[in-house]
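*Asks:* One structure, as structure tokens, below. Some questions next.
The values are calculated or read from the model by the stated rules, or taken from the named source; none is laboratory data. Just so we're clear, the structure is a prediction, and the values are computed from it rather than from any experiment. Every residue, glycine among them, receives a Cβ derived from its backbone with ideal geometry; neighbour counts consider all protein chains shown.
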């Protein structure tokens, strides 16, 4: 689908991997017309990757950019690299061994547009978001989903890092949110809602901890009502991240 409300040409191709964790599927973004970037080629599903190839056949693919290492975002990268000879790029904190190691605040050029790398750990330690300053458009990977909240599964996930990343993205005042899963939306509204959601969850988990309830699975039963059983592991990871912050007396909210 074309992103028609952006002044910059962006194509969204959704992978056929829907699930409670991936929502409607992984969103692959193609940015640019003459030259282009592919942001998150998605899982190793040939039908999806062939859809990407079909779309970019009249373009010069410069770089395959990965927001983080999880396979539903990065699994198709090497297949697409082999087919197109394009370089892969990921955070310099990544263990994917990309061709290009991206540093925080690095600027990438495609066509006449500048894409800025923003290091945003929290969901994973190697996570980056990508920002188009001229269009106020934020590619948020898994840090911000189109609906619901992301998984913070320690030790790779970290609540303090996650909140710091949200506050940092909020300071950019983005307009358009392009998440790794789910639908586009208002970026600031979504970030503000997530900050308030995490504050509420933290209060609930702290209340359990103060009552001597410290087992993450027991806390999940108390505060996550009507939880999809497929999301139990994610909920336990989030509670564990909050408990880690409590134990370490982290200052996590501004």
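*Asks:* Given the criterion modelled with pLDDT under 95 and touching a strand residue (DSSP E or B) at 6+ places or on another chain (Cβ under 6 Å), identify the matching residue among 117, 110.
*Replies:* Only one candidate qualifies: 110.
*Asks:* Condition (residue is touching a strand residue (DSSP E or B) at 6+ places or on another chain (Cβ under 8 Å) and more than 28 Å from residue 239 (Cα to Cα)) applied to the stretch 137-146: is it met by at least one residue? Lay out the reasoning, then the answer.
*Replies:* Here is the first cut: in the stretch 137-146, the ones touching a strand residue (DSSP E or B) at 6+ places or on another chain (Cβ under 8 Å) are 137-146.
Now drop any that are not more than 28 Å from residue 239 (Cα to Cα), which leaves 137.
Taking every residue of the stretch 137-146 in turn, at least one turns out to be touching a strand residue (DSSP E or B) at 6+ places or on another chain (Cβ under 8 Å) and more than 28 Å from residue 239 (Cα to Cα).
*Asks:* If you take the residues in the stretch 77-95 that are over 24 Å from residue 107 (Cα atoms) and in contact (Cβ under 8 Å) with a residue 12 or more places away in the chain, which one is surrounded by the most Cβ atoms within 10 Å (Cβ to Cβ)?
*Replies:* Ranking the candidates gives 79 first.
*Asks:* While we're on this one: Under the condition of being more than 23 Å from residue 109 (Cβ to Cβ) and out of contact with any helix residue (DSSP H, G or I) (no Cβ under 7 Å at 6 or more places or on another chain), which residue from the stretch 28-57 is surrounded by the fewest Cβ atoms within 10 Å (Cβ to Cβ)?
*Replies:* Among them, the one singled out is 47.
*Asks:* Sort out which residues of the stretch 166-181 are out of contact with any strand residue (DSSP E or B) (no Cβ under 8 Å at 6 or more places or on another chain) and either in contact (Cβ under 8 Å) with a residue 60 or more places away in the chain or part of a helix (DSSP H, G or I) (or both), and write them in order of number.
*Replies:* Residues satisfying the conditions are 166, 167, 170, 171.
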